[in-house]
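S.K.: Below is a structure I'd like to ask you about.
No value in this document is a laboratory result; all are computed from the given coordinates. Every value quoted in this text rests on a predicted model; they were computed, and no experiment measured them. For neighbour counting, all protein chains shown are included, and Cβ atoms are generated from backbone atoms with ideal geometry for every residue, glycine included.
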Amino acid sequence: MGPPLFPVLIALCAHYLINAKIDGKPVDPVARFHLRNGAELHRINWHGDLSENGFDQSFGMLVNYVYNVDTIEKNHEDFVHHGRISTSGDIRKLAAALPKLIDAASRENAVTEGEI
């Protein structure tokens with residue numbers, strides 16, 4: 001279990017990995033490397049990297065990429081030629097949930113501030 005904002009932070013990470021792009025490619029260099037090589041963005045692990053560097057770079061989150069021999073070539077071609085990112089269903093759900101999670105966190109924060 002994570003802090004109260006855990007769901008928002010994980011969803012923000014998913015959104016960033018899927019949507020933050022420059023010239024149609026992910027901003028994140030590690031994501032770019034794996035996706036260009038045909039991997040699927042598979043899972044985000046809360047506290048997957050507890051080192052000082054891990055917290056500095058990604059708030060301790062670590063991403064798993066899966067290389068499936070049956071889809072690696074298609075994933076590579078889709079990414080290189082069309083900018084499509086292969087993601088697991090869980091990652092897509094996380095990214096899609098972001099607006100609702102932010103809204104809920106904002107409402108909760110407003111109530112907490114109003115009580116002060």
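S.K.: Could you check the stretch 46-78 and list, in sequence order, the residues that are acidic (Asp, Glu), outside any helix (DSSP H, G or I) and surrounded by 15 or more Cβ atoms within 10 Å (Cβ to Cβ)?
M.R.: Selection gives Asp49 alone.
S.K.: Tally time: how many residues in the stretch 1-45 are among the small types (Gly, Ala, Ser) and part of a helix (DSSP H, G or I)?
M.R.: So the count comes out to 3.
S.K.: Of everything in the stretch 20-49, what is β-branched (Val, Ile, Thr) and touching a helix residue (DSSP H, G or I) at 6+ places or on another chain (Cβ under 7 Å)? Give them in sequence order.
M.R.: Ile44, the sole residue that qualifies.
S.K.: Also: Enumerate the pairs (first residue in the stretch 79-106 and surrounded by 12 or more Cβ atoms within 10 Å (Cβ to Cβ); second residue anywhere and in a loop (DSSP other than H, G, I, E, B) and among the polar types (S, T, N, Q)) with beta-carbon separation below 8 Å, excluding pairs fewer than 6 apart on the same chain, so at least 6 apart or on different chains.
M.R.: That search, which allows pairs on different chains as well, returns Phe79/Ser86; Ser86/Thr71.
S.K.: Sort out which residues of the stretch 29-87 are polar (S, T, N, Q) and closer than 30 Å to Leu5 by Cβ, and write them in order of number.
M.R.: Across the stretch 29-87, the qualifying residues are Asn45, Ser51, Asn53, Gln57, Ser58, Asn64, Ser86, Thr87.
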